[in-house]
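See below for the structure under consideration.
The values are calculated or read from the model by the stated rules, or taken from the named source; none is laboratory data. In this text the structure is predicted, and so the values were computed from the model without any measurement. Neighbour counts run over all protein chains shown; Cβ positions are idealised from the backbone, glycine included.
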Amino acid sequence: MKVIDDSRVLRRAGGDAESVLGPESLTWTRFGDWRTSLLIGWAGTLQVMHPVISAALVEHSYFLDTPMKRLLRSAVPITRAVYEGPAVGRWIRDEHANIRGRYSAHGDATADGTEYHALNPEPFFWAHATFFMMQVAAAGVFAEPLTADQKEQLYQESKTWYAQYGMSTRIAPETFDDFMRYWDRTIETVLTRTELVDRAAGFYAGEPGPKPVGAVPGWLWRLIAPPVTRLQVWVCRALLPEPAREALGWTWTAADQRRFDRFARVVRLVFAVLPPGLRLSWIARRGYRRARCADGGHGAMGGGR
């Protein structure tokens, strides 16, 4: 999908005074948690394995020029949609309105392929599904486990979240179990090693790409971008569903798993002693502050459920 990172336009879009999702939701607690952000590369990979999304990014995005910037900055408006409501969600939808073209089964843009539009329900919902599943995949690994009831609650809230884009929820499966059947089926029958995955070989080797214009200073980019990229790719390899991992030709050994388990345990231990507010991204903290102000200063900061 198109990268949505023009902060000036996004600020003009603003946010609703009252979000459809609020501080009482489990989504507010989970999605804005820094541990969930460890799966940004995971969600991005599952998106670019979709042939339509791959073709749209090849033709309409700068992903291949600065992949790390695209992943990190695309997360900002999605998170704002969760914590600020339908105005931001509709802005995201409208930014996709003119993205169309033709694609092949390998996910490349081609003049004689099948027509696509970025707002077609199937690819648009799949992108949303990967963001929703970041919370589920992080649970029990980096964050606290989810009960069956909590998974159902998160999923039902995800349909409210999806509606904030101004998209019909008819495509959304009814229950979490129904969704998981859709999830597994899509991974096994739709996702593939697309052109974009092949052309992003440098990123998946841990190379963040050149410093984006107007971003952080060059010395800081050179310092933080390589380890952040390697971490995102490593977590992606660790948690990617096995059929997707096999489609990409990636291996994951028992030794890899032991190292990852040790890392995940350290993350859990660190976050167990952090105050709830420090577990959350700045967008999530701002959402809670606004909600407390609207409620006369009452209500606790989320983080930890």
Taking region 27-42, which residues are of a type in the set (A, V, I, L, M, F, W, C) and either touching a Cys at 6+ places or on another chain (Cβ under 9 Å) or surrounded by fewer than 24 Cβ atoms within 10 Å (Cβ to Cβ) (or both)?
TRP34, LEU39, ILE40, TRP42
Taking the stated definitions as given, is PRO208 under 20 Å from the mean Cα position of the chain (by Cα), buried (at least 17 other Cβ atoms within 10 Å of the Cβ), not in a helix (DSSP H, G or I) and not hydrophobic (A, V, I, L, M, F, W, C)?
yes
Would you mind stating whether ALA75 is modelled with pLDDT of 80 or more, in a loop (DSSP other than H, G, I, E, B) and among the small types (Gly, Ala, Ser)?
no
What tally of residues in region 125-178 results from selecting those that are charged (D, E, K, R) and farther than 30 Å from VAL273 by Cα?
5
Give me the pairs, please: first residue somewhere in region 169-195 and part of a helix (DSSP H, G or I), second residue anywhere and among the hydroxyl-bearing types (Ser, Thr, Tyr) and buried (at least 17 other Cβ atoms within 10 Å of the Cβ), beta-carbon distance under 8 Å, and either six or more positions apart or on two chains.
PHE176/TYR155; PHE179/TYR155; GLU195/SER54
Identify all residues within region 134-168 that are touching a strand residue (DSSP E or B) at 6+ places or on another chain (Cβ under 8 Å), in contact (Cβ under 8 Å) with a residue 60 or more places away in the chain and not in a helix (DSSP H, G or I); write none if there are none.
ALA143
Looking at (1) farther than 18 Å from ALA129 by Cβ; (2) modelled with pLDDT of 85 or more; (3) of a type outside the set (A, V, I, L, M, F, W, C), find the lone condition where ASP177 falls short.
(1)
Those residues that are out of contact with any strand residue (DSSP E or B) (no Cβ under 6 Å at 6 or more places or on another chain), in a loop (DSSP other than H, G, I, E, B) and either at pLDDT 95 or above or surrounded by 11 or more Cβ atoms within 10 Å (Cβ to Cβ) (or both), I need them from region 252-305; list them, please.
TRP252, THR253, LEU274, SER281, ASP295, GLY299, MET301, GLY302, GLY304, ARG305
Any residue at all in region 144-157 that's within 18 Å of the chain's Cα centre (by Cα), within 29 Å of ARG193 (Cβ to Cβ) and either modelled with pLDDT under 95 or among the hydrophobic types (A, V, I, L, M, F, W, C) (or both)?
no
